Amino acid sequence: MSRKSSSVQTELALFFAILLLSFSALAQPPSATEDQVKAAFLFNFAKLGEWPAQVLPTGAAPFLIGISGGNDEFINILRTIVSGKASGTHALIIKAVNSEDDMKACQMVFFRGSGKKPSPANLQELANASVLLVGEDSSFLDDGGMINLIREHASIRFEISSQALDLSRIHLSPKILALAKAPAGSTSTASASPGGEERRLESSPPPQYPAIAKQMNLTGTARVQARVMANGTVAEVTVLGGHPLLAAALADAVHQWKYQPAPKETVEVVKFNFGPL
């Protein structure tokens, strides 16, 4: 789906507004319920994502959001939020799904925590079909999911598996990726170059958790900035933040990464969350 610059800016402003709402909604029950905040996230993922043309061609075909598990109450909440709205030229349609075939017909599937847990093989099949997979289970990303909604104190936040997204050929705005909470052992990237165009990764071996850091029970997020040549090789890595041991491990790994070729050199910001092994 193509996006005009002004349209993207408007949609991002809406996303940020929903995000701010999510930080305070649970602390102030009259503002929004937890399900309303989660439904708002799903709506914005649909608005700010880009699917392969063969999966969602330009035209009037509907954008299907499938809900697996849970009850009709959440479906009704989501229908209320998306009523009269669209993703580009695609009207948003919400439906309950049970079978893999039903899920493959969708552009997005949300797996409720109270429903049947999808198997890693099932998630892999759906990812190959370019279905955006959203869950709310602690092991969802480890099993092959792409976005996981989590409750953190009095707010709802989300984590993203950039690797799973890359395999699905679904593209989310780098501004969304930068807002995500990094799950333990996961990587997120965003472009810091003028124009904000994101470079896709071709190869990204994860950093090694330093043995001394493990002995110290040292965890946390490291951030580095990579200067990427037009041919996709990393020319230089600069540490932006994080414990020196963890940042050095991330920098060593990013030096070995390979990005897709681009017309010109870019600068990419990489975050990695070193969690307990």
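Cα to Cα, under 13 Å, and not fewer than 8 places away if on the same chain: which aspartates and glutamates meet these conditions relative to Lys116? Lys116 reaches Glu100, Glu136, Asp137. Each 10 Å bin from zero holds the following percent of Cα-Cα pairs in the stretch 187-274: 19, 51, 23, 7, 0. For the pair the stretch 42-62 / the stretch 238-271, the C-alpha centres are spaced 30 Å from each other. Beyond 27 Å in Cα-Cα separation lie the following of the pairs Lys104/Lys271; Lys117/Lys271; Lys38/Lys104; Lys47/Lys95; Lys38/Lys271: Lys104/Lys271; Lys117/Lys271. For the stretch 58-133, the set of trypsin sites (Lys or Arg not before Pro) satisfying both a DSSP loop assignment and a count of at most 13 other C-beta atoms within 10 Å is given as Lys85, Lys116. The label point for Ser139 and the one for Lys264, both projected 7 Å from the Cα toward the Cβ, are 4.8 nm apart.
Laboratory data are not the source of any read-out in this text; all were calculated from the coordinates shown. What you see is a predicted model; the values in this text were computed from it and never measured. As a convention, Cβ positions derive from the backbone with ideal geometry for all residues, glycine included, and neighbour counts pool all protein chains shown.
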